[in-house]
Each structure stands twice: as C-alpha cells, then as structure tokens.
Amino acid sequence: NIKRKERQAAEMAAGIVDAMRDAQIDSVRGITRRKDTYKVKTITEDRFTLMMGDCVERIKEIPDGSVGMSMFSPPFSSLYTYSASDRDMGNSKDHKEFFKHFGYLIPELLRVTMPGRRACVHVQQIAQTLVRDGVIGLYDFRADVVRAFVAAGWVYDGECVIWKNPQSQSIRTRAKGLAFQQLEKDSSWLRPAMADYILLFRAPGVNPRPIECDVSRDEWIQFASPIWLDILESDTLNYEVARENGDERHICPLQLETVRRCVRLWSNPGDVILSPFMGIGTEGHIAMEQGRRFVGIELKESYFNQAEKNIRAAVKQESLFV
C-alpha cells in the first residue's frame, strides 16, 4: 500500500508539473494569455489591397498565378508573441506546432505565385534557453523553413546573408555567447552573432514574363555577394506607433533596403508583391516606391492600421515625383 501510494503521488506530481509547465514558461517570458476578437476587413485601392485577418484563410481569395513575388518575415516559431489570438502562428507552444500551422500557408503561396517567380523569406536562427528548452544553444529554424518549403513543392536555390552588429546584438539580447564578461571568464561559451537570412525559393515552371530589372552591373556585383554587409539595422519604418500595451514583446520590421533590393531584382514594375505577414507595411511601402502593386494580409489590427498609413504615405510621396 505504501509503495502504491508513493507511485500515485509521483504520478500526480508529474501531472501537476506537466499541466503547469506552459503557464510557468509564459509567466517567465512575461506573456499574458487572453482571447482576441477575430476581425476581418479589406481595403482596396488602385494599386494595393490590404486584408485584415488570418493569412491561411484570406490567401484563398487571391487568384492562382497572380503574384509576381512574395516577401515576408514569418513569426519565428514560438519565440515571439505578437498577439493573443490563437490564429497567430507566433503563439505556437513549440516548433512542431508552428510548422504544422505554417504548413497550411506554404502551398497556398505556391498556388498564387507565377511560374518561375520567387518567394523571399526572412528568417533568423533561434536562441535556445534553459527555461524554454533546457539547454543554451541554437535551434536551426532556417533549415526547417527550407525543408518545409521544399516539401510543399518550392525550389530552394539561394540565400542572402545579412550582417548584424555583434555589440548591438549583445546589448539587445544579453546573449551569454557574446558577452565581454564571458570572454574573460570562460571563452568556451563564445559564439558569433546571429545573422539574418533571406531564403530564396522559386516556383517550378517557366517564367511567363521575363524580368527586366533596373539593376546595373556594378549594383549586381554588390548584390550578388553572399553576405550583404551594407544593410543598416536602423533603416526601418517606425514601428513604435503600432505597439500595444502588454500583448507583444517584439516588433522587427525588415530593413527597407533589404526589401528594395529583392523587389528590384525579382519583380517587374506593375507586378503584384504579396506579404502574408504584412506587419506595419514595409513590403507594401517599397512596392509603392518601386512602381509595383501590393497585396498584404495582417492579423493584428494595430499593425494593419499602421500599415495602411505607411502605404498611403508611400503612394503620396511617389505621386509628388511623377
């Protein structure tokens, strides 16, 4: 009887720990769980269409083969919390759940893309922590994104590595592997800073509209470098105005020049640029600047509203120089 009660007590304790695990991790990460009301909205103008809602659902409204290029930064698995919605891929409990959710979108991206055209996907590697992962290291998020796209029928044929300042990254993330203190204490923990990646995927088939870009040969020599050393980390749209209290911990818009290079290289004027994770509208802003059209999808209302302002501002600015 004593051994039976000990076994039952141990099973109960394990069950309690398992049930509390997610809540404890959320508490340490500063996440407050609440339900968001799901809203749908569409704004259609001459050169852009903005859709508020779940990208997995709303991308189904986009016609087959109508997109000249897509570019976006997906939620980085369960690393960051952007909203409280269950529809937010960033609210996945682990990497497996994230890629299951993401896997519904990737084939739709292929369906809407013209043959031979590109999807440019911005990713970073993900730091592992003792609290969340039980180990200090790196999760190869980049590799799993490549596998997911290839499994859905995309052709993976390149990537651009974007240099990051190790000192600013150390200050921002407080990474043990970048700290001067660790250099002087035990350098076995040291590692290089994490770069950004633009993963390049091509839809199978022959491109029906050859791209006649305005990139010069000298520019191409610069852009063809496997590492882009000249991207300024501060070259972004203002994101603070879209931040809401308490429900997200991270907003990281892409640098404008990164998007600009991709749009110039891999799309024609008048092509539709798609971003299924529109955020505050960086890709749409550059699409307007470069004479393209744009379709953006965003789940979070405050981001959607700011994206509309940023894209309209780009249209107005362009019209001043026409």
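The values are calculated or read from the model by the stated rules, or taken from the named source; none is laboratory data. Bear in mind the structure is a predicted one, so any value in this text is a computation, not a measurement. Neighbour counts run over all protein chains shown; Cβ positions are idealised from the backbone, glycine included. For accessibility, only protein heavy atoms count, side chains too; no ligands or nucleic acids. Shrake-Rupley method; radii C 1.70, N 1.55, O 1.52, S 1.80 Å.
A single member of ARG87, ARG142, ARG117 is open to solvent by 10 Å² or more (accessible area, probe 1.4 Å) and under 28 Å from PHE48 (Cα atoms), and it is ARG87.
State whether the residues of segment 159-178 include one that is under 14 Å from VAL121 (Cα atoms), modelled with pLDDT of 95 or more, open to solvent by 40 Å² or more (accessible area, probe 1.4 Å) and not in a helix (DSSP H, G or I). For segment 159-178, residues under 14 Å from VAL121 (Cα atoms), modelled with pLDDT of 95 or more, open to solvent by 40 Å² or more (accessible area, probe 1.4 Å) and not in a helix (DSSP H, G or I): present.
Each residue in segment 284-322 was checked for being touching a Leu at 6+ places or on another chain (Cβ under 9 Å), under 16 Å from ARG58 (Cβ atoms) and in a helix (DSSP H, G or I), and 4 of them qualify. For segment 195-223, filtering for residues that are of a type in the set (Gly, Ala, Ser) and more than 23 Å from the chain's Cα centre (by Cα) leaves 2.
Taken over segment 276-316, residues that are farther than 19 Å from ASP86 by Cβ and among the acidic types (Asp, Glu) amount to 3. Against the definition (within 30 Å of SER267 (Cβ to Cβ) and at pLDDT 80 or above), how does LYS3 come out, yes or no? For LYS3, the condition - within 30 Å of SER267 (Cβ to Cβ) and at pLDDT 80 or above - is not met.
Of the residues making up segment 303-318, just one is in contact with a Ser or Thr (Cβ under 9 Å, 6 or more places away or on another chain) and open to solvent by 20 Å² or more (accessible area, probe 1.4 Å), namely ASN310.
Taking into account only those residues within segment 7-62 that are among the hydroxyl-bearing types (Ser, Thr, Tyr) and not in a loop (DSSP other than H, G, I, E, B), which is modelled with the lowest pLDDT? Filtering segment 7-62 for residues that are among the hydroxyl-bearing types (Ser, Thr, Tyr) and not in a loop (DSSP other than H, G, I, E, B), the one modelled with the lowest pLDDT comes out as SER27.
Of all residue pairs spaced 6 or more apart or on separate chains, those with beta-carbon atoms under 8 Å, a first member in segment 130-153 that is farther than 25 Å from LEU110 by Cβ and at pLDDT 90 or above and a second member that is hydroxyl-bearing (Ser, Thr, Tyr) and not in a helix (DSSP H, G or I) are TYR139/SER77.
Does at least one position in segment 188-206 carry a residue that is under 28 Å from VAL272 (Cα atoms), in contact with a Lys or Arg (Cβ under 7 Å, 6 or more places away or on another chain), open to solvent by 50 Å² or more (accessible area, probe 1.4 Å) and among the acidic types (Asp, Glu)? Within segment 188-206, none of the residues are under 28 Å from VAL272 (Cα atoms), in contact with a Lys or Arg (Cβ under 7 Å, 6 or more places away or on another chain), open to solvent by 50 Å² or more (accessible area, probe 1.4 Å) and among the acidic types (Asp, Glu). The set of residues from segment 108-130 being among the hydrophobic types (A, V, I, L, M, F, W, C) and under 16 Å from LEU200 (Cβ atoms) comprises LEU109, LEU110, MET114, ALA119, CYS120, VAL121, VAL123.
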